[in-house]
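**Q** The structure that follows is given in the form of structure tokens.
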Amino acid sequence: MDLTDWLVALHVLSAFAWIAALVLYSVVIAAGRGLSVPGDVLRVFRVVRVGDALIAVGMIGTIVFGIWLAIDEYDIWDGWIIAALALWLVAGAVGDRLGRTYNATRDRARALHAEGLNDASSELSGMLRSQRGLVLHAVLVLVTAAILVLMVWKPGA
Amino acid sequence: MEPALFLHILGASVLVGGLVTAFAAQLLGWSERPHAAAVTYARLGFRSLLYAAVPGWLLMRIGAQWIWSEQGWDDISEEPLWLGIGWITGDLGLVPILLATIFAGVGLRRLGPGAEGKTALVRVAAVLVGISLLAYVITVWAMSAKPD
């Protein structure tokens with residue numbers, strides 16, 4: 001195995017970590033829509049920490065090993081690579097907003113729990129069912145899928 | 001080949017995502033004493049396997065078969081190592097995933113009211129999921145690096 005083989009493997013493993021995080025967020029968002037008790041919400045959000053670690057590793061790994069590969073094997077100014085880099089930035093911006101939306105929900109659950117209010121909360125339920133979070137998540141999934149399409153088809157390469 | 005490869009990679013990544021989510025939830029629930037906590041994590045683990053890992057495996061396997069047909073790999077005389085690893089974990093990997101899903105589902109039912117502490121099946125599912133996850137991470141490495 002040469003350096004390029006390792007770069008490809010690390011790039012692909014990073015992409016898997018990224019998509020695994022999105023699957024985890026999807027499961028948590030779906031599960032969260034049926035929750036309203038602060039204690040239950042906090043438990044589900046503990047799983048999200050694994051997703052946060054995976055998406056950090058995934059996004060950093062894909063960009064670092066991806067640019068390295070692009071310089072090594074392709075031309076960094078190829079249209080499909082530029083498009084993928086632009087979509088990576090969009091994914092980062094959307095992911096940041098998505099994280100802030102759901103972190104606010106987690107923080108509210110934490111505050112209610114700390115106050116000893118562990119009955120069903122309509123406020124918490126509303127936050128977990130927010131359209132904003134769902135739309136941002138859907139956009140992040142679509143942008144990631146578009147990057148995957150570019151990586152598989154490599155138009156113009 | 002691109003649509004088949006896209007389907008194969010998409011399915012494999014959803015499968016790995018489902019396994020990661022299930023494993024994380026099952027590990028968090030492993031030593032939970034409050035009954036409600038164990039149920040929450042067991043439910044999350046079961047749903048991850050049922051709605052992500054199993055459909056992901058199916059997409060991955062359909063994509064693999066599609067690539068196999070397009071590439072005419074029936075005729076290759078000596079199968080490369082990475083392809084062998086892919087077939088073994090791809091085909092045999094379904095068994096622990098299905099067993100883990102069944103155990104996680106039955107284990108979740110047994111965690112119902114009046115059955116506190118009966119977490120053995122959920123723990124067996126967690127072990128199976130952990131082994132499957134490790135096998136698929138090695139497979140992703142092998143199929144992308146393609147070692148000789």
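The values are calculated or read from the model by the stated rules, or taken from the named source; none is laboratory data. As the structure is a computational prediction, the values presented were derived from the model and not from experiment. Methodologically, a virtual Cβ is constructed for each residue, glycine included, from the backbone with ideal geometry; neighbour enumeration extends over all protein chains shown. Note: accessible area is taken over every heavy atom of the protein model, side chains too, but ligands, DNA and RNA are not part of it. Shrake-Rupley method; radii C 1.70, N 1.55, O 1.52, S 1.80 Å.
**Q** Roughly speaking, what % of Cα-Cα pairs in the stretch B:1-138 are separated by over 22 Å, rounded to a whole number?
**A** Roughly 42 percent, once rounded to a whole number.
**Q** Using each residue's phi in the stretch A:134-149, evaluate 6.51 cos²θ - 1.76 cosθ + 1.60 at θ = phi - 60° and report the 3J(HN,Hα) Karplus result to the nearest Hz, with x for Gly and Pro.
**A** Residue by residue, the stretch A:134-149 yields 5, 5, 4, 5, 4, 5, 4, 5, 5, 5, 5, 4, 5, 5, 4, 4 Hz.
**Q** Taking Rh as the Kirkwood radius, which is the inverse of the mean 1/r over Cα pairs, what is the Rg/Rh value for the protein assembly as shown?
**A** That ratio equals 1.00.
**Q** OK, next. Within the accessible area of the protein assembly as shown, what % is carbon and sulfur when the probe is 1.4 Å and the other protein chains stay in place?
**A** 67 percent
**Q** Enter the mean projected area of the convex hull around the alpha-carbon atoms of the stretch B:1-71, in nm², rounded to one decimal.
**A** 4.3 nm²
**Q** Ordering B:19, B:50, B:128 by how much accessible area each has at a 1.4 Å probe, largest first, what is the list?
**A** Descending accessible area places them as B:50, B:128, B:19.
**Q** If the viscosity is 1.002 mPa s and the temperature 20 °C, what translational diffusion coefficient in µm²/s does Stokes-Einstein give for the stretch A:28-92 when Rh comes from Kirkwood over Cα pairs?
**A** It diffuses with D of about 150 µm²/s by this estimate.
**Q** Roughly how much of residue A:26 is accessible, in Å² to the nearest 10, using a 1.4 Å probe?
**A** Rounded to the nearest 10, that gives 50 Å².
**Q** Also: Using helices alone, I'd like the mean residue ellipticity at 222 nm for chain B: each DSSP H run of four-plus residues gives -39500 (n - 2.57), total over residue count, nearest 500.
**A** After summing the helix terms and dividing by residue count, I get -25500 deg cm²/dmol.
**Q** Rounded to whole Hz and in sequence order, give me ³J(HN,Hα) for the stretch A:109-118 from the Karplus expression 6.51 cos²θ - 1.76 cosθ + 1.60, θ = phi - 60°, writing x for Gly and Pro.
**A** For the stretch A:109-118, the Karplus curve yields 4, 4, 5, 4, 5, 5, 7, x, 8, 10 Hz.
**Q** Interface A/B, total buried accessible area with a 1.4 Å probe, nearest 100 Å²?
**A** Summing both chains' loss of accessible area gives about 2600 Å².
**Q** Averaged per residue, what accessible area in Å² does the protein assembly as shown show with a 1.4 Å probe, protein chains only?
**A** Dividing the accessible area of the protein assembly as shown by its residue count gives 48 Å².
**Q** Now, a different point. Could you order A:127, A:1, A:59 so the one with the most accessible surface comes first? Probe is 1.4 Å.
**A** Correct descending sequence by accessible area is A:1, A:127, A:59.
**Q** Quick check: net charge around residue A:34, other residues with Cβ under 12 Å of its Cβ, Lys/Arg +1 and Asp/Glu -1?
**A** Its environment carries a net charge of +3.
**Q** Still on this structure, I have one more. How much accessible surface does residue A:11 have with a 1.4 Å probe, in Å² rounded to 10?
**A** Counting only protein heavy atoms, the figure is 40 Å².
**Q** Let me ask another. Once amide H atoms are placed 1.01 Å from N in the peptide plane, what residues at a sequence separation of 5 or more from residue A:37, or on another chain, have their amide H within under 5 Å of its amide H?
**A** A:121
**Q** Helix-only mean residue ellipticity at 222 nm, chain A, DSSP H runs n ≥ 4 weighted -39,500 (n - 2.57), per residue, nearest 500. What is it?
**A** -30000 deg cm²/dmol
**Q** Please give the solvent-accessible surface of residue B:16 in Å², to the nearest 10, using a probe radius of 1.4 Å with every protein chain present.
**A** Accessible surface of residue B:16 is approximately 10 Å².
**Q** May I ask you to order A:128-135, B:135-142 by the average number of other C-beta atoms within 10 Å around their residues, highest value first?
**A** Ranking the peptides A:128-135, B:135-142 by packing returns B:135-142, A:128-135.
**Q** Distance between Cα centroids, the stretch B:18-40 to the stretch A:112-157: provide it in whole Å.
**A** So the separation of the two Cα centres works out to 21 Å.
**Q** Okay, next question. For the stretch A:47-97 and the stretch A:1-44, compute the distance between their C-alpha centroids and round to whole Å.
**A** A separation of 15 Å, based on Cα centres.
**Q** Still on this structure, please answer the following. When only Cα pairs under 8 Å and 6 or more residues apart are kept, what is the percent relative contact order across chain A?
**A** 35 percent
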